[in-house]
Structures are given as structure tokens and as C-alpha cells.
1. Is it fair to say ALA35 is under 24 Å from ARG146 (Cα atoms) and either over 15 Å from the mean Cα position of the chain (by Cα) or loosely packed, with under 14 Cβ neighbours inside 10 Å (or both)?
2. Does any residue of region 161-176 turn out to be open to solvent by 30 Å² or more (accessible area, probe 1.4 Å) and within 30 Å of HIS49 (Cβ to Cβ)?
3. For the condition touching an Asp or Glu at 6+ places or on another chain (Cβ under 7 Å) and free of Cβ contacts under 8 Å to residues at least 60 places away in the same chain, what is the one hit in LEU53, LEU102?
4. Please enumerate the residues belonging to region 129-150 that are in a strand (DSSP E or B) and surrounded by 12 or more Cβ atoms within 10 Å (Cβ to Cβ).
5. Return only the number of the condition from (1) surrounded by fewer than 18 Cβ atoms within 10 Å (Cβ to Cβ); (2) in contact with a Leu (Cβ under 7 Å, 6 or more places away or on another chain) that ASN156 does not satisfy.
6. Out of the residues in region 44-60 meeting the condition of being open to solvent by less than 30 Å² (accessible area, probe 1.4 Å) and within 16 Å of the chain's Cα centre (by Cα), tell me which one is farthest from CYS150 (Cα to Cα).
7. List the pairs whose first member sits in region 4-16 and is hydroxyl-bearing (Ser, Thr, Tyr), whose second member is assigned to a helix (DSSP H, G or I) and modelled with pLDDT of 90 or more, and whose Cβ atoms are under 8 Å apart, counting only residues at least 6 apart or on separate chains?
8. Which number in (1) in contact with a Pro (Cβ under 9 Å, 6 or more places away or on another chain); (2) modelled with pLDDT under 95 marks the one condition that ARG146 misses?
Amino acid sequence: GGEVASARALETFAAAVASGADQTGGPGLEDLEAAVQAANGEVHAEAHHSTDLSGMGTTLCAVSRLDDRRVGIVNVGDSRVYLLRNAALYQITEDHSFVETLVREGRLTRAQAEVHPQRNVITRALGIEPYVEVDSWVVEVMTGDRFLLCSDGLFNEVPETDIETLLVGVADPAEVADLL
């Protein structure tokens, strides 16, 4: 069901963002949050109408241009948005997972979290409940900024220092994506 949930979420999110764009051509942060809720509703409804897909869910993170100086970022789950600025990598989003909550609370170290038996337990995802809490940010952009959106399939396998090195050293987005 994860593949179905991801596809439905992306289709619905994209359509909702397109319909919510304001007169300047870009969506506002509230439009992005509403688009996440629309995606959540679609996944939730499909999961409850099909026994084969019962319990399906997915994560979602997105970056969208708000205007010439700012981007909006939304996140639900443990997919991440990173910002590369001045050759330094910063994680913008917070993972909605059991072990990341324990790390934030100081109850686990980063090293303990990496091997914890419940490291893949997600505490927030699209499609599980009729309403989902969405984290959102507005980030002022600077010339040269790069954003990386990725799932745990990348950050659990590739150290952040390696991600940073590749983003700094490879200018072409398609090439760096292939390398990552």
C-alpha cells in the first residue's frame, strides 16, 4: 500500500497546490498546508475503502517557492528537507519517528538511535487519521542555496558528511541525485 499511498498523495498534493496558488503565481504557506491535508484525506479515504490497502500511509515533504526571497517547506513523517548553504548542510525538517522523539528529548544519543530496534516506527504519516498535523517553515533563500528532499532510504544509508560533500562538489542536480 505504500506505493499507492505515495502516488495518491503526490497527485493530490500537486493538484491542490496548483489550484491554491495566489495571484502572484506561487502558493502561500497556508496553501501548502491545505494541500497536505487534501493529500492526507485522499490517502485516508482510499485506505478505508479498500481492504487490500487498509492501514496504508506515506510520508511527505515539499519545498515551494513563495516569492523571490522565500520558500515554504512542509513535512509529515520521516522524509527530510535539507538546505545546503555556504557549503554547510542543515536539516530543516524534524523526523516524526519514535526514536527521533527520544533523541530530541535527550533520552537517546544519535548513535543509539541508529541501531535502536524501533528506529523505523513513524509517529506521524499521511493517511492514518482523517486529519494530520503538518510541520511548516518559511525559509529566506540566498544565492547558491540548494535543497535536498529525501527519504530514510538515503539518510539511513549515506552519512550526512558524504551527502554534504557530494552536494558541494557536484553542481548538476540530476548527477548529484544519481550519485546519492
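The values are calculated or read from the model by the stated rules, or taken from the named source; none is laboratory data. Being a predicted model, the structure only gives us computed values, none of them experimental. We place every Cβ from the backbone using ideal geometry, glycine too, and count neighbours over all the protein chains shown. All accessible areas refer to the heavy atoms of the entire protein, side chains included, with ligands and DNA or RNA removed. Shrake-Rupley method; radii C 1.70, N 1.55, O 1.52, S 1.80 Å.
1. no
2. Pass one, region 161-176, residues open to solvent by 30 Å² or more (accessible area, probe 1.4 Å): 161-162, 164-166, 168-169, 171-175.
Those still in the list that are within 30 Å of HIS49 (Cβ to Cβ) too: none.
Within region 161-176 (the criterion being open to solvent by 30 Å² or more (accessible area, probe 1.4 Å) and within 30 Å of HIS49 (Cβ to Cβ)), the answer is no, since none of the residues qualifies.
3. LEU53
4. Matches in region 129-150: ASP135, SER136, TRP137, VAL138, VAL139, ARG146, PHE147, LEU148, LEU149, CYS150.
5. ASN156 satisfies all of (1) surrounded by fewer than 18 Cβ atoms within 10 Å (Cβ to Cβ); (2) in contact with a Leu (Cβ under 7 Å, 6 or more places away or on another chain) except (2).
6. GLY57
7. THR12/ALA35; THR12/ALA38; THR12/ALA39; THR12/GLY41; THR12/GLU42; THR12/VAL43
8. With (1) in contact with a Pro (Cβ under 9 Å, 6 or more places away or on another chain); (2) modelled with pLDDT under 95 applied to ARG146, the lone miss is (2).
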